[in-house]
Amino acid sequence: MRVFIVGCGRVGAGIAERLARAGHDVTVIDINTEAFARLEPDFPGAAVRGDGTDEDVLRRAGAQGADLFYSLTEGDNRNILAAQLAAESLDVGRVVAKINDPVRSEAYAALGIATICRTAMLVDALGEYAGLPIEPGVRGVSEATGIHPGGEHHAAPAAQEV
Amino acid sequence: MYVIVIGGGKVGYYLTKELLAAGHEIVLLEKDPRRARQIADEVGSIVLARDGCEGKHLAEAGANRAAIVAAVTGDDEDNLVVCQMAKHHFDVPRTIARVNNPKNEELFRHLGVDDIISPTRMILGAVEQDIPVHELLHLAQLEGGDLEVMEAQIADGSPAIGRRPGDIDLPDGCTMFVVIRDEVAQAIRPETVFQVGDKVIAITRTDCQLDLHRELIGSAAVPAG
């Protein structure tokens, strides 16, 4: 599987390592080369410096037609823009955006992008630890619940194991 | 008319002042509290020190009754998110985004932003007008960017020399309407014969630019812009 990751922070570097070690073809892009220090020296994937919200940059880095695209920078809106570029212009199979604002996370799931919300996951986990009743909260990636306004071919995909 | 402006940079600041002067009801959202206060000192309490990308702040600002939301921050991603939230969650009839990277224009339009303003493209168009190369020049955008007014200069080697409009093979989306000859603009008539030095003004769909280029400029077709 060809995987493209925008943002080489702790999360981006972590999933890049794990997928690359599992034998997948992984490219991770970050605007800051220092971020690549988070990767192991023998990281088996590709690390590219560049702006992951720029369509030309993504194309040159080989994002076109990737099977899976993770948008994992620290900026919710950057992740949203990169994810929508991937879905609309780069013909990527599956796209997941990290959106830490729960309202925006839910909104974009309804707009056809799979989202993962750290805030909602942590609040759920911490509440559960405190003995609050377990709510049917957000456990991981929320699959898209709606249709992307830009194109029906990115309608909520059938859930698949990553 | 109720207008919400997002982003209190230079564009947002002057936009707010102009709209106020024109008698509209305005709220400006600027996330930097210092900048927000600075503007509020001048224009009054219509400035909220809030991040317009957050749904709840748009709701507080009354997005559900806004006629227009204009996202004019310096960051394309923020402007896109504001417009999408306004459109899809608050049913705002008209959303306007400032776009800095011209490559983002198509995506924004595709995702439902109603009006896209690209200062980069406008300045690019102005620069191109001053460059004496024989390419197509962008003069103006119409219909939200679907149509463009273009200028083509007929130079030596153009396949249009000596031909009439009826002999020129252009698709339906492309209409030539004026020729500027010796600095005089004349309507293009069926009997007009194109000659070297003519500047032909056409309205064209974006996807017909290559045809226009081939017929009037000739040689290798390089789309302007």
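Taken across the range A:86-96, residues that are more than 11 Å from every other protein chain (Cβ to nearest Cβ), farther than 25 Å from B:Gly55 by Cβ, small (Gly, Ala, Ser) and surrounded by fewer than 22 Cβ atoms within 10 Å (Cβ to Cβ) do occur, with at least one present.
Consider B:Asp76 carefully, then state whether it is touching a Leu at 6+ places or on another chain (Cβ under 7 Å), of a type in the set (Asp, Glu) and within 11 Å of chain A (Cβ to nearest Cβ). Considered against the rule, which asks whether it is touching a Leu at 6+ places or on another chain (Cβ under 7 Å), of a type in the set (Asp, Glu) and within 11 Å of chain A (Cβ to nearest Cβ), B:Asp76 comes out as yes. Looking at A:Thr27, A:Thr33, which one is modelled with pLDDT under 95 and away from chain B (no Cβ under 14 Å)? Selected residue: A:Thr33, the only one of A:Thr27, A:Thr33 that is modelled with pLDDT under 95 and away from chain B (no Cβ under 14 Å). Where strands (runs of 3 or more DSSP E) sit wholly within the range B:149-225, those with at least 3 residues that are closer than 30 Å to B:Arg109 by Cα occupy B:174-181, B:199-205.
Give the number of residues within the range A:41-58 that are out of contact with any Leu (no Cβ under 7 Å at 6 or more places or on another chain) and within 13 Å of chain B (Cβ to nearest Cβ).
4
Inspect all residues belonging to the range B:185-192 and state whether any of them is of a type in the set (A, V, I, L, M, F, W, C) and surrounded by 13 or more Cβ atoms within 10 Å (Cβ to Cβ). Checked against the condition, which is being of a type in the set (A, V, I, L, M, F, W, C) and surrounded by 13 or more Cβ atoms within 10 Å (Cβ to Cβ), the range B:185-192 yields at least one hit. Do we find a residue being surrounded by 17 or more Cβ atoms within 10 Å (Cβ to Cβ) and under 23 Å from the mean Cα position of the chain (by Cα) anywhere in the range B:60-67? Scanning the range B:60-67, I find at least one residue that is surrounded by 17 or more Cβ atoms within 10 Å (Cβ to Cβ) and under 23 Å from the mean Cα position of the chain (by Cα), so the answer is yes.
The values are calculated or read from the model by the stated rules, or taken from the named source; none is laboratory data. Predicted model only: the values in this text are computed from it and were never measured. Cβ coordinates were reconstructed from backbone atoms using ideal geometry, including for glycine residues, and neighbour counts include every protein chain displayed.
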